[in-house]
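Here is the structure we will look at, set down as structure tokens.
Each reported figure results from applying straightforward, stated rules to the coordinates on display, with no laboratory input. Quick caveat: nothing in here was measured; it's all calculated off a predicted structure. Every residue, glycine as well, gets a Cβ built from its backbone with ideal geometry; the counts of neighbours run over all protein chains shown.
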Amino acid sequence: MNKKILLTGVSIAAGCAMLFTTAFASMTGNTGYEIYKEAVKNTVKAKSFTADVRMTFKDNGKVMAEMDSTMKQSHEERAMSHITNAKVQDKEVKMETYANEDNVVLKKGSSDEYYLIKNDKKDFGRHDRKLNCAEDPEMSKAGEVVLDALVGDLKNYVSASGNSEGGSDVTIQLEGNQIPAVVNALASLGAKGAAKDGNRPHAHGPAPFDENFDLQPPKLVDDIKITKVDVKAKINKDKTIESQIITAVLTGKDAEGKSHQIEFSADMKLKNVNSTTVDKVDLTGKQVKELKPEDIKGEHSR
């Protein structure tokens, strides 16, 4: 995980949360899950929303990184904006991002400079079509078949109870042997791949990416497995997800044989569903520097 991931972490957090819940959305035959599935679908279909996200990364109980972000997204406007405050150990950074189908604007902290990245129309079109695959009935059905095979009996661990506000509280708890072998196999491959990638040189891009806010997680190489996954979701009376907390614990050993327990948590609160207006920035009279995508990625970055 490097600084670029941290600085755009809110998108990842929201995306991972939605991906995780969408995975469960393929399962059937469980009352708790049926409630959850409907809420997931209603939330994903929302025209717009605001998400407040807090992410924390710990290694053996020590906080390595924290991030607080507010993201506004509108499918109708085909636009999004977010403000992120990240802290990696003793270093802090604030980033503002404004994006639409034409360009992305970045601003770091209290700097007076704005960085403009123009979207390649062809690339944006391809990306947009990928996002819209979820709305294709045939693609959605094919995805459900694959997910059903992967998740197996995980649906049995989804429970729900009514709350005083007319909605439902949903809980998913997985520990130890309840976590499928295929999930642990993928986790092991991912961790080992990240360890190898961490040994490669990474080019530093221009400001606002030139400061060293790199998070250096332990490089796990052996006995890698997910030991715990908890999801707690609050569904409102309109049958959309109001808040959701996801916690995952990964254990393993580094090359020196030291054991690590890595805990990742994401706390997401959704509000102003279908009534969010994305923040915009007026660059008139501002100090603007235009960047190319390769300027940010760096020669060896991914």
Chain lengthening between ASP102 and ASP282 when straightened (0.36 nm per residue, less Cα-Cα): 63.4 nm
Nonlocal amide H pairs with ASN163, under 5 Å, H built at 1.01 Å: SER168, ASP169
Segment ASP59-GLU165, length gained on full extension (0.36 nm per residue, minus Cα span): 34.5 nm
For the stretch 236-244, Karplus couplings with θ = phi - 60° (6.51, -1.76, 1.60), whole Hz, Gly/Pro x: 7, 5, 7, 6, 10, 6, 8, 7, 7
For a label point 7 Å along the Cα-to-beta-carbon line of ASP238, residues of the stretch 244-275 with backbone N under 17 Å: 244, 269-275
Net length gained if the chain between LYS91 and GLU113 were fully extended (0.36 nm per residue, minus Cα distance): 5.9 nm
For the stretch 68-85, 3J(HN,Hα) per residue [Karplus equation, 6.51 cos²θ - 1.76 cosθ + 1.60, θ = phi - 60°, Hz, x = Gly/Pro]: 10, 9, 10, 10, 10, 9, 9, 6, 5, 7, 6, 8, 8, 8, 7, 10, 10, 10
Amide H contacts of LYS47 (H built 1.01 Å from N, under 5 Å, at least 5 apart or other chain): ASN274
Phi to ³J(HN,Hα) by Karplus 6.51 cos²θ - 1.76 cosθ + 1.60 over the stretch 257-269, Hz, x for Gly, Pro: x, 6, 7, 10, 10, 9, 10, 10, 10, 9, 10, 10, 10
